[in-house]
Amino acid sequence: MIKWTLEHSNQLHQLLVSVSRHLYVKKNGLLKYQEKPMEINLSTLKKSHREHLVYYVLRDARTGTFFLEITTSHTMIPLADFLYRAWEQTSGKYIWGLPDSLSVPKGLAVKGLLDGLDALDVKAVLPSSGFAAGVRVIRDIEDNLLFFMGSTVDYRPHVLNIHCKKDLYRYMLNLYRDEAYNKYEQWQIDLPEQGAPDIPDRGSFMTGFHDGNEPVEGVLWMKKEQESRPETAAWEQEIWPPFDEKLYNRADSMYADVYELSDRDMIIDRAWEILNVSPYCVDAFNLLAGESRILDEKIYFYQKGIRAGRLIVGEPCIDGNMGHLWDNIDTRPYMEALKGYADCLREVGRREQAIEAYEELLRLDQGDHQGARYDLSSCLLEDGRDDMMRLLMARYGDEKSCFISYDKALWSFRVTGGANERSNKMLAEAFGVNQHVPAFLLGERPIPYRLPDYYGLGNEEEAIIYASNSRTAWEQTPGALEWLQEMRRTAARET
């Protein structure tokens, strides 16, 4: 076994290309996990009838920082191309520059690759199997990928390669600020004084690599006969496919069976199957958005649902039923997509856009069956839109609900100069609507991570939902929480 004493970063890089023994691509393009390991590797890949997930890794042996590409057996990257991507210096990367030596596993050590490395003055090292097999790093990548897949709903490999890699890097390289050992920072610190050697331009880089008698067919240039499936569906493009009523009705009937499924993966699979039949099934987009735990992904699917909804409902129907759109059952999926979109915008801090979406919901449905007025109210308070809040309270201020009563009291406190007869009276009325709210706003009782699915008027569940919704506005208003505390004490003495 070769022994190394590593003195600096980029002294030795490790090249790893590994076929997943647990993840493969189904016919619908989504990844599937198989618990029992598959007997598969690079040399047997072409014989498999499945499309397998493939990991490409370039790792610095001293610090452990790395560069990753996730592909499938139908979309594999030429080794020369991967090395260029790994060694070029671009933003958002955690390793670059030519190393002194590159550890190349036996199955990848083809003449064309070795000649290319020699032309770059990079020494090729043929390690023993235990040195650079990459079992641990590949295992950690796959374990983390599976964890992140539990939060997402788009299991297509090219999407994971874009979105999940950021989380993989953050976690595996300890990029969090409170971590004592940041592998990327350590890599930078340990670079030699001259820094990381630059690579030549792409044309010059590729000149040294050439085809040869390769033990793994096509591993250097990946000459493939099989065409891969399109990465994006038609509805992901600007121009959607023509509406087909038969396909839409078929998709709609498929959605009716979703409620009989209890397994999350089966539910997600069914939603994708529905969209493959017809992208005009807004419920399928809403379902995917609801199952996702990643806000950017939720926003993406809600946007697609809004787009599909407006196309299928039609602008004349929307304009002709303005104020009463909820009364038409066929339009409700569209409005649910718009409400979900607004909630996500608010959660990611895009309040101005969220306010516009909530106002649109109130224009579409004067009866506000989705409660958009409550979210709009707290949003306006957070954003300091007191004039817009005045108009909203003129419309809904007489409502004796927990959400309106407490927000109205806070708004009065802000615009009338603090504690006074008017704002005190409003807050006292709010206490009568729900007495549990102050404890959650003041932090005496924690707001649970998972909010209640249901609530009753005046109960703790309603207080939890209100506090979660409007706590930021109370915290941002100077003196508001102290006023709330004092008013509660006064109410307690009086009773």
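Computed from the coordinates by the stated procedures, all read-outs in this text should not be read as laboratory data. Quantities reported herein were computed from a predicted structural model and do not represent experimental measurements. Every residue, glycine as well, gets a Cβ built from its backbone with ideal geometry; the counts of neighbours run over all protein chains shown.
Please state, as a whole number in µm²/s, the translational diffusion coefficient that the Stokes-Einstein equation yields for the stretch 12-207 at 20 °C and 1.002 mPa s, with Rh defined as the Kirkwood radius across alpha carbon pairs.
Numbers: Rh = 17.6 Å.
This corresponds to a translational diffusion coefficient of 122 µm²/s.
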### Message
Can you give me the angle between helix 282-291 and the longest principal axis of the chain, using Cα atoms only, in degrees from 0 to 90, rounded to the nearest 10?
### Response
80 degrees
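Just the C-alpha atoms of the stretch 384-427: what Rg/Rh do they give, with Rh taken as the Kirkwood radius?
Working: Rg = 9.7 Å, Rh = 10.4 Å.
Computed over Cα atoms, the ratio is 0.93.
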### Query
For the pair Arg139 and Glu315, how long in nm is the line joining their label points, each one 7 Å along Cα→Cβ?
5.9 nm
### Task
Please work out, to two decimal places, the log10 of the ratio I(q)/I(0) at q = 0.07, 0.08, 0.12 Å⁻¹ from a Debye calculation in which every Cα of the chain carries one identical scatterer.
-0.55, -0.69, -1.09
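Go through the stretch 21-52 and name the GluC sites (Glu not before Pro) that are in a DSSP coil and have 15 or fewer other Cβ atoms within 10 Å of their Cβ. Intermediate values should be presented prior to the final figure.
Details: sites: Glu35, Glu39, Glu51; in loops: Glu35, Glu39.
Loop-located and lightly packed - Glu35, Glu39.
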### Task
Provide the per-residue ³J(HN,Hα) series for the stretch 261-278, in order, calculated from phi with Karplus coefficients 6.51, -1.76, 1.60 and θ = phi - 60°, each as a whole number of Hz, with x at glycine and proline positions.
8, 10, 7, 4, 4, 5, 5, 5, 4, 5, 4, 5, 4, 4, 5, 5, 7, 8
### Query
In deg cm²/dmol, rounded to 500, what helix-only [θ] at 222 nm does the chain give when every DSSP H run of at least 4 residues adds -39500 (n - 2.57) and the total is split over its residues?
-15000 deg cm²/dmol
### Query
Lys/Arg Cβ at +1, Asp/Glu Cβ at -1, dipole of the chain taken about the Cα centre: which of Pro105, Thr71, Ser18 is farthest positive-ward?
Pro105
### Distant-in-sequence amide H partners of Ser20 (H built 1.01 Å from N, under 5 Å)
Leu53, Val54, Tyr55
### Query
Which pairs in the list Lys36/Lys165; Lys111/Lys166; Lys123/Lys166; Lys165/Lys298; Lys183/Lys298 are over 22 Å apart, alpha-carbon to alpha-carbon?
Lys36/Lys165; Lys111/Lys166; Lys123/Lys166; Lys183/Lys298
### Message
With just the Cα atoms defining each centre, how far is the stretch 80-105 from the stretch 330-351? Give it in Å.
### Response
42 Å
### Query
Given DSSP loops and a limit of at most 11 other Cβ atoms within 10 Å, what is the longest stretch of the chain that contains no such chymotrypsin sites (Phe, Trp or Tyr not before Pro)?
182-448
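Where both partners of a DSSP beta bridge lie in the chain, what percent of those bridges are antiparallel, to the nearest 5?
75 percent
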### Task
Evaluate the charge dipole of the chain about its Cα centre and quote only its size in Debye, nearest 20, assuming +1 on the Cβ of each Lys and Arg and -1 on the Cβ of each Asp and Glu.
920 debye
